[in-house]
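In what follows, a single structure is set out as structure tokens and then discussed.
The values are calculated or read from the model by the stated rules, or taken from the named source; none is laboratory data. No experiment lies behind these values; they were computed from the predicted model shown. Cβ placement follows ideal geometry from the backbone for every residue including glycine, while neighbour counts extend to all protein chains displayed.
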Amino acid sequence: MRVRAWQRSVFYWLPKNILIGNGVTGTGLVDAQLPLVIGETGVIGFLLWIWMIYVCFKVAWRLYRGSQEPFVRAISIGYIIGLIGLLFQSTGVNTFIIVRIMEPFWFLTAVVMKMAQMEEPVAKSS
């Protein structure tokens with residue numbers, strides 16, 4: 001079933017509007033995040049989504065590598081591990097739109113991004 005959903009999303013829906021996709025719910029039921037993003041937002045949206053995830057990972061990794069504070073390092077490495085886990089899960093489930101998963105994830109993302117922002121002045125002044 002999921003394989004067919006991937007195929008339908010990539011080979012049927014995507015070619016109809018390859019750049020901007022078919023909009024929210026425009027691809028019907030696709031029970032996996034990656035083909036859902038591709039089908040709904042097209043190539044442009046998918047690349048922006050990948051870029052957003054990459055930036056989240058990069059900021060968290062820099063925070064982990066650059067901080068001397070054990071709490072900050074623990075939060076950032078936990079975030080990275082969670083992000084990787086969610087990315088793997090998103091190949092078979094609509095991970096990034098399930099409210100019970102995404103509310104804490106995006107909250108933690110905001111915390112990590114703010115921690116990284118707060119660490120910058122410390123690094124620059126040293």
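Restricting attention to the range 19-33, the residues being surrounded by fewer than 16 Cβ atoms within 10 Å (Cβ to Cβ) and either polar (S, T, N, Q) or modelled with pLDDT of 85 or more (or both) number 1.
Of note, residue 59 does not satisfy the criterion of being touching a residue at least 24 places away in the same chain (Cβ under 8 Å), of a type outside the set (Gly, Ala, Ser) and not in a helix (DSSP H, G or I).
Pick from the range 44-62 the residues that are surrounded by 18 or more Cβ atoms within 10 Å (Cβ to Cβ) and modelled with pLDDT of 95 or more: which of them is nearest to the chain's Cα centre (by Cα)? Among them, the one singled out is 56. Residues that are of a type in the set (Ser, Thr, Tyr) and farther than 25 Å from residue 2 by Cβ do occur in the range 107-114, at least one of them.
Going through (1) assigned to a helix (DSSP H, G or I); (2) within 30 Å of residue 30 (Cβ to Cβ) one by one, residue 91 falls short only on (1).
In the range 98-115, what residues are in contact (Cβ under 8 Å) with a residue 12 or more places away in the chain and either over 21 Å from residue 31 (Cα atoms) or of a type outside the set (A, V, I, L, M, F, W, C) (or both)? Once the filter is applied, which keeps residues that are in contact (Cβ under 8 Å) with a residue 12 or more places away in the chain and either over 21 Å from residue 31 (Cα atoms) or of a type outside the set (A, V, I, L, M, F, W, C) (or both), the range 98-115 yields 108, 109, 111, 112, 113, 115.
Conditions (1) under 14 Å from the mean Cα position of the chain (by Cα); (2) modelled with pLDDT of 90 or more; (3) not in a helix (DSSP H, G or I), marked per residue:
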position	(1), (2), (3)
35	yes, no, no
42	no, no, no
64	no, yes, no
74	no, yes, no
83	yes, yes, no
106	yes, yes, no
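Looking at this structure, is residue 72 closer than 21 Å to residue 104 by Cα, surrounded by 18 or more Cβ atoms within 10 Å (Cβ to Cβ), of a type in the set (Val, Ile, Thr) and touching a residue at least 24 places away in the same chain (Cβ under 8 Å)? In short, yes.
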